[in-house]
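Read the structure below first, then the notes.
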Amino acid sequence: MLETILELARTVSGAGEAEAVLLEALCQAAEKEWTSRLRQGVTPEDCGSAFPCAAAFTAAANLEAGRGGNAVASFQAGDVSVEGRGGADCAALAEALRQTAERLMAPFAQEADFAFRRVRG
């Protein structure tokens, strides 16, 4: 399944050869993260295409977040002007990818941010 996740993440992120090793590590981490969040009795295979897509979106989000600090907002050379994504744009894209992954896995996974606290009554 890792190969499928990696291929999807390459497509979503537009990662180049220079980012290949990092992207593969991020895909492995995303696969483990989503596997650990699956509801009891649910396997990655039970999720169909949602699991590899969610893992790929998570890996792409983490890659994009890492790119955020290195993004060039804009530059100009003579008559040519190039505008890229700034740090805020990278963060927004990363968050959108994470939210999409959460929606894909909602039927299969436990909530990431759920906390149960005892309340005195």
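Numbers below:
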item	result
Sequence of MET1, MET105 when ordered by accessible area, the most exposed leading, probe 1.4 angstrom	MET1, MET105
Ordering of 35-48, 14-27 by burial proxy (mean other Cβ atoms within 10 Å per residue, highest first)	14-27, 35-48
Accessible surface ranking that places the most exposed of ASP79, ASP89 first, with a 1.4 angstrom probe	ASP79, ASP89
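The values are calculated or read from the model by the stated rules, or taken from the named source; none is laboratory data. As the structure is a computational prediction, the values presented were derived from the model and not from experiment. Positions of Cβ are generated from backbone atoms using ideal geometry, with glycine treated the same way; all protein chains shown enter the neighbour counts. Note: accessible area is taken over every heavy atom of the protein model, side chains too, but ligands, DNA and RNA are not part of it. Shrake-Rupley method; radii C 1.70, N 1.55, O 1.52, S 1.80 Å.
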